[in-house]
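Since the structure comes first, as structure tokens, the remarks are kept for the end.
Derivation of every value follows stated rules applied to the coordinates shown; laboratory data play no part. These figures come from a predicted structure and were not determined experimentally. Glycine also receives a Cβ, built like all others from the backbone with ideal geometry; neighbour counts cover every protein chain displayed.
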Amino acid sequence: MKPNQNHIEIKFFDFSLPHDEVTNILGLTPTHQWTKGEEHFVGPKRNKKIRKENYWGYENHTETNDFIGDQIEDFLKTIVIPRTSKIKELTDRFHGEFSIVQYLYDGCNPGLYFDKRQIKILNDCGLELNIDIYVLSDNDDNKKER
């Protein structure tokens, strides 16, 4: 069975600072970034698009069938909590997001649980929560349920 792909990321959009300043404020090197006005190409026909806003993101990407909740907890403890005031400094001025994307190949019943403490952490940082789960497993249990 193919392992699940888990993407946990803090993201900042539509800011006017230089990307290096966001990097310096957070003390993290971005894993993804782009600048407003940049060209990029999407889709199989490689359609040209223009970026409408600045973007800076720091992502932890894993390929594992371990419970994603443990990975979220670790990201909160090691990346978010130590930077709460710095993240809040940015989200007071710009759009910030805590993003979870999972491509689920093993299993058919994804679930995430955030306790009050975890929700408070995100709230204290001023981060919005975005969760996308793509169930792509093709096991016998899924076939029976269809």
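Descriptive notes on the structure:
- Modelled spin-label separation between residue 48 and residue 20, with each label point placed 7 Å from Cα along the Cα-to-Cβ direction: 2.9 nm.
- Separation in nanometres of the label points that stand 7 Å from Cα toward Cβ, at residue 128 and residue 67: 3.0 nm
- For segment 58-105, dividing the convex hull volume of the Cα atoms by the residue count gives 75 Å³ per residue.
- Compactness of the chain is given as radius of gyration and Dmax, 17.2, 52 Å, from Cα positions.
- For the chain, the longest site-free run once GluC sites (Glu not before Pro) in DSSP loop states with at most 16 other Cβ atoms within 10 Å are removed: 54-146
- Cα→Cβ-extended label distance, 7 Å offset, between residue 85 and residue 39, nm: 4.5 nm
- Exposed chymotrypsin sites (Phe, Trp or Tyr not before Pro) absent - longest run of the chain, DSSP non-H/G/I/E/B, at most 14 other C-beta within 10 Å: 1-66
- Build a GNM of the chain with springs between Cα atoms under 10 Å apart, and of 29, 62, 78 the one that fluctuates most is 78.
- Fraction in percent of alpha-carbon pairs per bin - 10 Å, segment 20-74: 19, 32, 31, 19
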